[in-house]
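To keep things clear, I will list the structure first and then write my remarks on it.
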Amino acid sequence: MMTTDRDFRVLLWDIDGTLIRSTQGGDFKHYFTPALEAVFGGAGRLAEMTVSGMTDLQIAAEALHHEGIRHEHIRERVGEFRTRLMVEMERVTTAAAARGKPFFYALPGAREMLEAVDQHPRYCSALLTGNLEPAAHLKLELVGLSHFFRLPGAFGDDSHDRRDLPALAARRIEQHLKIKLDPAQFIVLGDTPNDIACARHFGARSVAVATGRNYIADDLRPHHPDVILTGLADTAAVLRTLNEL
């Protein structure tokens with residue numbers, strides 16, 4: 001590990017819309033809704049919400065706000081909710097696989113990009129995602145990408161506010177690698193304005209990946225990422241871009 005190299009970079013990857021996508025529209029509601037119903041007695045306004053870029057705790061809190069359920073109530077039962085969410089995710093993903101149509105798939109270039117940076121001495125990859133931690137790992141296992149993420153990261157069960165996640169990930173990674181890194185040595189890659197905002201809040205570099213799930217490049221440009229990519233399909237071009245950050 002390059003403990004004194006100021007050129008070293010940690011790539012903090014979002015998952016949904018950046019590395020993977022669902023084969024079904026409104027995918028998360030297939031498992032998130034019954035999990036909320038089982039633990040909190042209802043799903044509130046979840047059906048009408050657009051949740052891209054939000055953490056799972058934030059989604060739950062905003063869905064249930066009008067039911068009188070607050071962030072602190074959700075935090076108190078996060079273990080129970082996490083367990084139930086995984087039961088529901090296993091149910092829907094297993095059923096999809098049995099029908100011959102996997103629930104999630106890797107986006108074009110995602111695997112090749114992760115392989116390239118995994119073999120590059122300048123980079124290490126970690127997760128920075130709004131998913132609850134076991135949900136994040138399950139999604140990546142289902143598409144065969146989990147082995148690229150050996151560092152600790154930050155997840156949707158760490159905070160309801162995505163802006164908190166880069167600092168949490170950085171602290172864990174520094175402890176794991178036993179080195180001190182500047183915020184500018186972290187690069188957040190994601191497909192939403194919230195990914196850009198959390199990078200800016202921490203002082204990291206921001207790479208907006210405009211895969212078009214909910215946002216195209218013109219939507220992301222006003223949020224001032226360091227770079228906008230239209231996807232990850234051109235591995236060499238993405239590497240050239242990262243090498244400039």
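For this structure, a couple of remarks:
- Placing +1 on the Cβ of every Lys and Arg and -1 on the Cβ of every Asp and Glu, with no other charges, gives the chain a dipole of roughly 280 debye about its Cα centre.
- Residue-span extension gain [His224 to His147] - 0.36 nm each, minus C-alpha spacing: 24.6 nm
- D (Stokes-Einstein, µm²/s), Kirkwood Cα radius, the chain, 0.890 mPa s at 25 °C: 134 µm²/s
- The chain - percent relative contact order, Cα under 8 Å, separation 6 or more: 25 percent
- The simple spin-label model puts a point 7 Å past each Cα toward its Cβ; for Asn243 and Arg77 those points are separated by 5.3 nm.
- Each Lys or Arg adds one and each Asp or Glu takes one away; over the other residues whose Cβ falls under 11 Å from the Cβ of Thr235, this sums to -1.
- Cross-link reach is defined here as a Cα-Cα straight distance under 16 Å, omitting same-chain residues fewer than 8 places apart; for Lys139 the aspartates and glutamates meeting it are Asp14, Asp16, Asp27, Asp56, Glu88, Glu90, Asp157.
- Each label was represented as a point 7 Å from its Cα along the Cα-to-Cβ direction; for Lys101 and Arg45 these points are 3.1 nm apart.
- Estimated FRET transfer efficiency when R0 is 30 angstrom, pair Ile179-Arg91 (beta carbons, to 0.05): 0.15
- When only alpha carbons are used to place a centre, the range 149-167 and the range 199-232 end up 18 Å from one another.
- In the chain, helices alone account for a calculated mean residue ellipticity at 222 nm of -12500 deg cm²/dmol, with every DSSP H run of four or more residues adding -39,500 (n - 2.57).
- Taking amide H as placed 1.01 Å from N in the peptide plane, Phe186 has its amide H under 5 Å from the amide H of Val10, Arg205, each at least 5 places away in sequence or on another chain.
- Cut-off 11 Å between beta-carbons: net charge of the residues surrounding Phe103, Lys and Arg +1, Asp and Glu -1: +3
- Rounded to the nearest 20 debye, the dipole magnitude of the range 176-217 is 140 debye, with +1 charges on Lys and Arg beta carbons, -1 on Asp and Glu beta carbons, and the Cα centre as origin.
- For the range 20-52 versus the range 78-100, the inter-centroid distance based on Cα atoms is 12 Å.
Values quoted throughout were computed directly from the atomic coordinates according to the rules given, and no laboratory measurement underlies them. This is a predicted model, so every value here is computed, not measured. Quick reminder, even Gly has a Cβ in these numbers, built from the backbone with ideal geometry, and neighbours come from all protein chains shown.
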